[in-house]
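Note sheet for the following structure.
The values are calculated or read from the model by the stated rules, or taken from the named source; none is laboratory data. Note that this is a predicted model, so its numbers are computed, not measured. Here Cβ is always computed from backbone atoms with ideal geometry, including for glycine, and neighbour counts include all displayed protein chains.
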């Protein structure tokens, strides 16, 4: 039974899915899963059909993800690697800091929250679940003693043209989706306790 639970977690992480609900979770894991689920729904075909106004006139799937410049979350939240195993970046990481990882996650959440709060039109109903889930995860981290470190440099993506804003929104949401996968993986790694070994 224990092997099955571990296998479920490994498969979920490999596919970028949220950690299954029946595994041991840290206090903010459910909020992280909710955020990833909300972003996944918008980016999937069904979500795009429900919110056609967000992506009308272009194929969001064909656009590349726009990641936050100058962020360190992917590198500081990278799991420890043994001396004989290289990470994806070709470097070993022997000093994983859960505190630093969580601080960077909180900074990224703050950044995306501010960015989405400034999106026009504000009454865009498709973004409500993402914005709610972002706020909930931010509040959970703060309630558990994690304050955001330095916020990433402001990223100006909105223009005066509604069509250009929707294209930028698509790219931003795709980048946020990638970052939400990283957040879920990092929280699962911290919860596993492997970083203390």
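Kindly provide the set of residues from the range 57-73 that are farther than 30 Å from residue 96 by Cβ and surrounded by fewer than 16 Cβ atoms within 10 Å (Cβ to Cβ), ordered by number. Within the range 57-73, 57, 58, 59, 61, 62, 63 meet the criteria. Looking only at residues that are part of a loop (DSSP other than H, G, I, E, B) and in contact (Cβ under 8 Å) with a residue 60 or more places away in the chain in the range 24-56, which one is surrounded by the most Cβ atoms within 10 Å (Cβ to Cβ)? Filtering first and then ranking leaves 28.
Residue pairs whose Cβ atoms lie under 8 Å apart, sitting 6 or more positions apart in sequence or on different chains, and linking a residue in the range 57-81 that is closer than 15 Å to residue 165 by Cα to a partner that is part of a loop (DSSP other than H, G, I, E, B), are 66/157.
With respect to being within 25 Å of residue 56 (Cβ to Cβ), within 14 Å of the chain's Cα centre (by Cα) and modelled with pLDDT of 90 or more, residue 167 falls outside the description.
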